[in-house]
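Scroll down for the structure; my scribbles are underneath it.
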Amino acid sequence: MPQSPVQLTRVAPDQINLSDPEFWKAPREHRESVFATLRNEAPVKFFPEIELMNFPVGPGYWALTKHEDIWHASRNPDLFQSGKGTNIPDLTIELNEFFGSMISMDDPKHVRLRTIVSKGFTPKEIARIEEYVKVKARTIVDTVLEKFGDTEFDFVENIAAPFPLQIICEMMGIPQSDEKQILDWTNVILGAGDPDFGGSLENLINVALEIFAYAQALGEDRLKTPKDDLTSIMMHAEVDGERMSPQEFGSFFILLVVAGNETTRNAISHGMLELTRLPDERAKWFGNFEANTKSAVEE
């Protein structure tokens with residue numbers, strides 16, 4: 001039975017600490033009320049640095065919680081830089097290389113790498129990917145229906161997690177036999193700052209090295225033996241006579257496989273949760289699916 005919409009309660013801004021792991025362990029209703037308070041009363045607020053494993057503790061950070069402020073910051077690189085890192089914990093230079101890629105660069109480095117990467121996302125390539133996404137979506141849903149019928153099943157495990165992972169692996173030319181390994185690696189990296197999963201800094205670094213080495217090997221293989229995949233396109237793309245190095249591809253690989261997989265998995269999961277909690281909104285969307293899809297996905 002769908003849950004009732006969350007009733008938010010006010011929390012005083014001076015009682016809020018987004019750096020406290022206990023905050024992220026709290027029920028979702030509490031966290032929603034906190035972010036509502038920040039948006040309404042303290043949309044730009046300074047917090048002390050997060051103490052995460054053995055990462056060095058930095059000076060702190062400003063948290064933007066309103067959509068328009070976040071949009072403004074992301075569209076004004078002259079005022080807001082990314083080159084010193086985009087994670088809240090201050091990463092070492094080495095870790096920033098592993099996890100950063102383009103999102104931890106400023107121009108001119110950023111524009112050079114972005115131009116190379118864009119060679120793999122031409123209208124023709126996007127159309128090919130879109131068609132594969134449609135086919136894979138139908139396949140995954142059909143598999144779930146065949147396996148579970150009208151009984152309950154874990155939506156994240158069976159749809160939200162494998163769907164984007166399989167799409168990304170197909171795009172990059174990663175064998176199906178390696179998909180489980182990629183999933184395990186991404187879960188370790190994404191769980192590093194999650195209080196429900198924890199994990200040591202040593203394990204995080206070891207996994208980063210493993211996935212980086214895997215990506216470099218994949219890139220070097222496609223330099224020698226190109227195939228019909230995004231990895232081959234990117235490794236052979238040139239801008240002003242320069243190609244992406246295997247090291248640069250390794251960093252981009254981590255960005256795409258880890259961040260791309262995680263954000264899509266979460267969006268699908270929370271989207272399904274909200275459609276379950278708010279049946280009227282679900283009915284509104286399905287009542288005119290094509291017309292409402294773009295705004296529904298954005299919301």
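For Ile233, the conditions (1) assigned to a helix (DSSP H, G or I); (2) more than 22 Å from Thr115 (Cβ to Cβ) all hold with the exception of (2).
Considering (1) hydroxyl-bearing (Ser, Thr, Tyr); (2) over 20 Å from the mean Cα position of the chain (by Cα); (3) modelled with pLDDT of 85 or more, the lone condition that Thr92 does not fulfil carries the number (3).
Of the residues Arg265, Arg282, the single one that is in contact with an Asp or Glu (Cβ under 9 Å, 6 or more places away or on another chain) and assigned to a helix (DSSP H, G or I) is Arg282. Residues in the stretch 238-262 that are of a type outside the set (A, V, I, L, M, F, W, C) and not in a helix (DSSP H, G or I): Glu238, Asp240, Gly241, Glu242, Arg243, Ser245. Every condition in (1) of a type in the set (Ser, Thr, Tyr); (2) more than 13 Å from the chain's Cα centre (by Cα); (3) buried (at least 16 other Cβ atoms within 10 Å of the Cβ) holds for Ser295 except the one numbered (3).
The values are calculated or read from the model by the stated rules, or taken from the named source; none is laboratory data. Worth saying up front: this structure is predicted, and the values here are computed from it rather than measured. Note: ideal-geometry Cβ built from the backbone for every residue, glycine included; neighbour counts use all protein chains shown.
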